[in-house]
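Data first, discussion second: the structure below is written as structure tokens.
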Amino acid sequence: MQISNHQYTIQDIPVLDIAQQFGTPLYVYDADKIVEKINQLRGAFPNVNLKIKFACKALTNISILKLMRQNGVEIDVVSPQELQLALHAGYTGSQVTFTPSGVSFDEIEAAVAAGSMINLDNLIVLEKFGQRYSGSAPCMIRIKPNVAAGGNVKIMTAHEGSKFGIDIRQREDILRIVKQYGINVVGLHQHTGSDIKEADAFVRAAAVIFEFAESFPNLQIIDLGGGFKVAYKKGDHITNMPELGAHLSEAFLDLSKKLGHELQLWFEPGKFLVSEAGYLLVQANVVKPAPSRTFVGVNSGLNHLIRPMMYDAYHHIVNVSNPEGVKTETYDVVGYICETDTFAKDREINEVREGDILALLNAGAYGFTMSSHYNSRFRPAEVLIYEGKAHLIRQRETMEDILKNQILLEL
Ligand code: LLP
């Protein structure tokens, strides 16, 4: 979103026009920004054979997935339903990686049948996989390197207490099972967590994987997950991609040399690719003065963007209707859900008047995908700004969506 000619625009389209045309609450995504982030990631690893696998749990709209596909990005899924969405978006099964946690074995069988790569994340499943497929289906193994990193403990996935992956201290068990069944392990995987700012944490986790990789002479893939930190507010510390690229590429190329063949380096970013591209547009229903503070109540809430309440996440808020307001005020921006759902506390924003359109920034990742029907409210519509035009990519819901699948008993 840019400010030009006294108004906020996305690809030169006034944001207020988008809000008026499609209504609010509305998720809006900027395709140019997504492509810019894809190129930024590629640019950080110019010397390695890099594959990007979008962690689609961050944003599953099939038009976004198609955009990823057209830009050479493959896909990481965590459920059979995400796998189906990938196929709807035009991916082939072999372009999909399935990285589940604690799922039933038939989900793994279904993904193998679809031709997808599987990341196995526990010893029992590894053994079952060996019994079922022996060496006939390639697979990867998800390792827990015991490195604690991430924005907060709720989004860390590789520390000792995390449920994810096979603990690196069980390496001998892994090797025993692989050997016993002749399992075709083509890759090793790890994902450290989300919102990781220190390049060092990636490097430390990668070192554990690189070292273990030497036990698999025919290995083809190292998958280092996602988790790059993006800027949620001005001055935020973010993952330094050029520095990370340089460090990891060097160690990765060393490993290739040791194994005597070229390996592929995979990443599975979610936030990095789509967070900054997304905006949640909402409207101020009320501006409610109280003795110690002023509340701005908007036509949205934790049912549409749960990150502030779930992770204390900061989302910058802009008053799109008052871009050059002479006055700023301090507000609590709150939702319309019948429990405390605060988007922002004590936030300085250009003066808000009833009816103003506000934009919550960095709403592209884990926004719509974590939304719900709580309070039986409709989820937002979604719009993609692509090649200078606004395209509706998800219709606004109706009462039929809320009633769908409910059964009124004859009592
Ligand atoms: N790979 C795996 C195996 C993952 O579990 C995740 C995220 C990713 C990749 C992508 O991580 P990213 O690049 O998006 O940080 N809902 C939370 C984030 C949960 C992340 C879960 N796993 C949030 O809104 O902050």
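The values are calculated or read from the model by the stated rules, or taken from the named source; none is laboratory data. Note that the structure is predicted; figures quoted are calculated from it, not measured. Cβ placement follows ideal geometry from the backbone for every residue including glycine, while neighbour counts extend to all protein chains displayed. Protein only, heavy atoms only, side chains kept; ligands, DNA and RNA dropped before computing areas. Shrake-Rupley method; radii C 1.70, N 1.55, O 1.52, S 1.80 Å.
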Give, rounded to the nearest 20 debye, the magnitude of the charge dipole that the chain has about its Cα centre when Lys and Arg contribute +1 at Cβ and Asp and Glu contribute -1 at Cβ. 360
Kindly provide the helix-only [θ] at 222 nm of the chain, computed as the sum of -39,500 (n - 2.57) over DSSP H runs of four or more divided by all residues, to the nearest 500 deg cm²/dmol? -8500 deg cm²/dmol
How much area per residue is accessible in segment 194-272 when the probe is 1.4 Å and only protein heavy atoms are counted (Å²)? 42
What is the distance in Å between the Cα centres of segment 104-123 and segment 233-299? 28
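Taking square-rooted eigenvalues a ≥ b ≥ c of the alpha carbon gyration tensor, is segment 220-331 rounded, prolate or oblate, where a/c under 1.5 means rounded and, failing that, a/b exceeding b/c means prolate? Show your work: numbers first, answer last.
Details: a/c = 3.88, a/b = 3.01, b/c = 1.29.
Prolate is the answer for segment 220-331, as a/c is 1.5 or above and a/b outweighs b/c.
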Based on the Kirkwood radius over alpha-carbon pairs, what is the Stokes-Einstein translational diffusion coefficient of segment 310-411 at 37 °C with 0.692 mPa s viscosity, in µm²/s? 199
I need the peptides 191-198, 231-238 ranked by packing, meaning the mean over residues of other C-beta atoms within 10 angstrom, with the highest value on top. 191-198, 231-238
Once Lys and Arg are counted +1 and Asp and Glu -1 for all other residues with Cβ under 13 Å from that of N39, the total becomes +1
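With only alpha-carbon pairs counted, each pair once and no self-pairs, how large is the Kirkwood hydrodynamic radius of the chain in angstroms? Could you put the intermediate results ahead of the total?
Details: mean 1/r = 0.0441 Å⁻¹.
Here the Kirkwood hydrodynamic radius works out to 22.7 Å.
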Please report the accessible area of F105 (heavy atoms, 1.4 Å probe, ligands and nucleic acids excluded) in Å², nearest 10. 40
Placing one identical point scatterer on every Cα of segment 291-346 and ignoring solvent, what is log10 I(q)/I(0) from the Debye formula at q = 0.13, 0.19, 0.25, 0.28 Å⁻¹? -0.34, -0.70, -1.08, -1.23
For the residue pair E160 and S134, what label-to-label distance in nm results when each label sits 7 Å from Cα along the Cα-to-beta-carbon direction? 4.1
Segment 1-34-segment 47-90 distance, computed between alpha-carbon centres (Å): 25
Along the positive direction of the dipole of the chain (beta-carbon charges: Lys, Arg +1; Asp, Glu -1; about the Cα centre), which of L87, L361, L126 reaches farthest? L126
Rounded FRET efficiency, nearest 0.05, which uses the C-beta distance separating E36 from L253 and R0 of 25 Å: 0.40
About its Cα centre, how strong a charge dipole does segment 270-363 have in debye, to the nearest 20, once Lys and Arg get +1 and Asp and Glu get -1 at the Cβ? 100
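How large is the accessible surface per residue of segment 1-129, computed with a 1.4 Å probe and reported in Å² as a whole number? All intermediate terms of the calculation are to be shown ahead of the outcome.
Numbers: 5220 Å² over 129 residues.
Each residue of segment 1-129 exposes 40 Å² on average to a 1.4 Å probe.
Heavy atoms only, probe 1.4 angstrom, no DNA, RNA or ligands counted: give me E214, E262 ranked by accessible area, highest first. It would help to have the intermediate numbers written out before the result.
On the way: E214 90, E262 135 Å².
Result, largest first: E262, E214.
Once fully extended, how much extra length lies between E348 and T398, figured as 0.36 nm per residue of separation less the alpha-carbon to alpha-carbon distance?
Working: separation 50, 0.36 × 50 = 18.00 nm, distance 3.45 nm.
Full extension from E348 to T398 adds 14.5 nm.
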Heavy-atom accessible area of segment 172-244 with neighbours in place, 1.4 angstrom probe: carbon+sulfur share in percent works out to 51
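Return the FRET efficiency for the residue pair A148, M1: r is the Cβ-Cβ distance, R0 is 30 Å, and the value is rounded to the nearest 0.05.
Details: r = 35 Å, r/R0 = 1.15.
FRET efficiency, A148 to M1: 0.30.
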Per residue, how much accessible area does segment 288-395 show when a 1.4 Å probe rolls over the protein heavy atoms, in square angstrom? 45
Once each part is reduced to its C-alpha centroid, what is the distance from segment 323-354 to segment 358-411 in angstrom? 23
So the FRET efficiency between A246 and R169, C-beta based with R0 = 30 Å and rounded to 0.05, is 0.50
Order 384-391, 22-29 from most to least packed using the mean count of other Cβ atoms within 10 Å. 22-29, 384-391
Within segment 197-331: Cβ-based charge dipole about Cα centre, in debye rounded to nearest 20 (Lys, Arg +1; Asp, Glu -1): 740
Going by the alpha-carbon gyration tensor, a ≥ b ≥ c the square roots of its eigenvalues, is segment 18-112 rounded (a/c under 1.5) or, if a/c is not under 1.5, prolate (a/b greater than b/c) versus oblate? oblate
